[in-house]
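A short write-up of the structure that comes next.
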Amino acid sequence: MRVRGLAVLLSCLCAAPAQADVRLLTAAAIHTGEPGAPTATALAWDDASGRVLAVGERKALLELYPLAALTDLGDATVVPGLIDAHAHLMFLDSTLMQADLTGATSKADVVARLQRFAADNPDGWLLGNGWDQNQWAQTDFPTVADLDAAFPARQVWLGRIDGHAGWANSAALRALAQQPGQRALAGRWQPAGGRIVRDARNQPSGVFIDGAMELVRAAIPAPTQAAREQMLTRALRKAVSQGLTGVHDMGVSREDLALMRRFADAGQLPLRIDAYADGNNAALDDLCTHGAYRHPGGRLEMQGLKLFMDGALGSRGAALLADYSDDPHNRGLLVTSPEDFETAVRKADGCGMQVATHAIGDRGNRIALDTYARVLGSRSDRDHRWRIEHAQVVALQDIPRFAELGVIASMQPTHATSDMGWAQDRVGPERILGAYAWRRMLAAGAHIALGSDFPVEQVDPRLGLYAAVTRQDRAGQPPGGWQPDQRLSAAEALRGFTADAAWAGHDERQVGRLQPGLRADFVVLDRDPLSVPPAHLADLQVRSTWVDGRPVYEDAAR
């Protein structure tokens with residue numbers, strides 16, 4: 001009687017629609033995301049608005065809405081829509097149309113994959129993405145010579161798995177040299193915020209890190225508008241098929257936002273995009289001129305910007321306070337100077353925008369925290385929800401500062417399980433204690449939000465749940481998990497991809513939980529993620545994905 005009364009009460013919090021406009025769904029378990037709330041078995045929503053009316057027991061809601069259209073999911077489990085708090089849709093767009101080098105075991109494997117891809121894509125630059133020298137027997141960076149024998153004339157450009165380095169062949173370097181005003185690549189000079197890897201003769205070896213990659217990218221013809229539309233369509237379709245109902249897209253240009261807006265206008269956005277402007281550029285200027293952008297359909301917004309502090313750990317571009325343990329005299333790169341970074345933060349603050357900063361190394365994180373502290377001043381206790389993206393290697397004494405400054409640690413569980421084989425080699429046994437330290441962040445009182453950083457990692461939040469709870473690879477290694485004291489519970493991991501991610505995007509009054517008045521965004525799974533053994537989390541099957549109470553993906557096999 002108590003649960004039925006609750007269902008009736010909650011239904012009255014929204015304007016009562018006609019019975020014919022009510023949709024009712026029943027399932028073995030419905031997790032609302034409300035702390036302490038019992039597991040429900042029925043969910044009702046207004047079909048016109050797509051907002052939840054009531055959550056409770058099946059019998060109570062069937063009595064309350066006897067004429068509602070009923071969907072019985074049987075033994076399935078429903079969870080709030082999964083939100084990836086750090087991803088790159090437009091980057092995914094491009095990688096889906098390039099050679100997939102993820103998991104390549106050697107340089108020869110990379111070349112073989114490129115040859116197969118080139119046979120079906122014979123024209124233009126040969127592009128690929130996903131190589132990782134840390135997975136090879138010889139972990140040194142590759143060179144032009146490794147590509148030239150197979151591709152002597154066609155330009156080749158291959159992005160590293162982390163997006164912070166690229167590998168070119170000699171034909172690509174020749175094309176780069178022909179760009180107007182291009183400085184000779186040989187010598188000792190380095191571009192701002194980047195590094196050209198050179199050999200003993202000071203000739204470019206073929207690898208470009210962080211800011212140096214822009215030199216090569218400038219020589220690659222831009223995709224056509226039709227190609228960009230196709231790329232975005234494929235990326236969106238991929239995301240919803242994995243159970244994502246929302247994405248925080250980090251680093252969106254004015255042009256990218258315009259493309260997304262056209263999709264939203266046409267009703268072609270199947271999920272919600274929280275777009276973050278690409279640094280101190282045109283998109284931020286638009287925000288400062290016109291204010292935060294929100295599409296009237298509720299599926300696209302931009303009210304913050306994403307900045308870069310340093311590079312990535314895998315390519316030794318993450319900025320460290322001391323030398324890399326496996327590369328003496330190297331402390332990584334600051335992609336943005338501290339002065340330019342603070343200028344951008346102050347500009348965004350003055351325009352009322354949320355700030356999110358990529359910081360991976362302990363020096364990068366400290367500069368970001370120090371800058372936030374100076375700019376916020378006495379306002380650090382206000383509800384600003386500024387973020388540090390990745391917060392991957394943090395000095396132990398800096399971890400409490402996240403809570404003190406009200407800064408969200410936006411972290412990606414699969415980074416830990418991808419990097420665990422070599423991360424300690426980079427930073428040593430002491431600094432590793434502050435790396436991928438989810439539990440230490442929570443214990444210090446920080447808010448964390450979880451994501452994947454796709455396409456650096458796979459577009460699959462189930463892998464994130466698995467990594468967060470087990471800290472193991474898919475083979476179950478190492479036994480007990482890597483740094484197991486930093487594991488999260490299944491409930492904490494699920495909250496990181498739902499309510500906590502929504503809060504990080506200022507969206508908690510719209511999504512992240514299933515309660516009356518919020519949008520009916522949810523995912524139907526074959527099993528209960530809060531009940532299955534942790535080893536099975538990555539194997540959960542997405543039966544369907546719903547946004548605004550409408551299915552945007554359904555498993556065709558069912």
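The values are calculated or read from the model by the stated rules, or taken from the named source; none is laboratory data. The structure presented is a predicted model; accordingly, all values stated were derived computationally and were not measured. Glycine also receives a Cβ, built like all others from the backbone with ideal geometry; neighbour counts cover every protein chain displayed.
General observations
- A493 over 16 Å from Q242 (Cα atoms), at pLDDT 95 or above and crowded, with 24+ Cβ neighbours inside 10 Å: yes
- Pairing each residue of region 500-511 that is free of Cβ contacts under 8 Å to residues at least 24 places away in the same chain with any residue that is assigned to a helix (DSSP H, G or I) and of a type in the set (G, A, S), provided the two are 6+ apart or on different chains, yields C-beta distances under 9 Å for E508/A499; E508/A502; R509/A502.
- Only one of D210, D274, D249 that is under 24 Å from the mean Cα position of the chain (by Cα), surrounded by 23 or more Cβ atoms within 10 Å (Cβ to Cβ) and at pLDDT below 95: D210
- Exactly one residue among R527, R462, R487, R519 is in contact (Cβ under 8 Å) with a residue 24 or more places away in the chain and within 18 Å of the chain's Cα centre (by Cα), and that residue is R462.
- In region 286-300, the residues that are surrounded by fewer than 20 Cβ atoms within 10 Å (Cβ to Cβ) and part of a strand (DSSP E or B): Y293, R294
- D146 out of contact with any Cys (no Cβ under 6 Å at 6 or more places or on another chain) and over 25 Å from D453 (Cα atoms): yes
- Conditions (1) in contact (Cβ under 8 Å) with a residue 24 or more places away in the chain; (2) outside any strand (DSSP E or B); (3) in contact with a strand residue (DSSP E or B) (Cβ under 8 Å, 6 or more places away or on another chain); (4) not acidic (D, E); number of the one not met by A186: (1)
- Screening region 437-547 for helices (runs of 4 or more DSSP H) wholly inside it with 1 or more residues that are among the hydroxyl-bearing types (S, T, Y) returns the ranges 461-470.
- Scan of region 239-264 for residues that are touching a residue at least 12 places away in the same chain (Cβ under 8 Å) and either acidic (D, E) or assigned to a loop (DSSP other than H, G, I, E, B) (or both), ordered by number: Q242, G243, D249, S253, D256
- Qualifying helices (runs of 4 or more DSSP H) (wholly inside region 306-420; at least 1 residues being among the β-branched types (V, I, T) and touching a residue at least 60 places away in the same chain (Cβ under 8 Å)): 338-350, 413-419
- Annotation note: Cβ proximity below 9 Å between a residue of region 538-554 that is in contact (Cβ under 8 Å) with a residue 24 or more places away in the chain and of a type in the set (D, E) and a residue that is buried (at least 21 other Cβ atoms within 10 Å of the Cβ) and in a loop (DSSP other than H, G, I, E, B) (sequence gap 6+ or interchain) occurs for D548/R299; D548/A520; D548/D521.
- Sole residue being β-branched (V, I, T) and assigned to a strand (DSSP E or B), chosen from V110, V78: V78
- For D340: the one exception among (1) at pLDDT 95 or above; (2) surrounded by 17 or more Cβ atoms within 10 Å (Cβ to Cβ): (2)
- Residue in region 231-246 that is in contact with a helix residue (DSSP H, G or I) (Cβ under 9 Å, 6 or more places away or on another chain), of a type outside the set (F, W, Y) and at pLDDT below 90 present: yes
- Residue satisfying all of: in region 499-516; buried (at least 19 other Cβ atoms within 10 Å of the Cβ) and charged (D, E, K, R); farthest from the chain's Cα centre (by Cα) among these: R513
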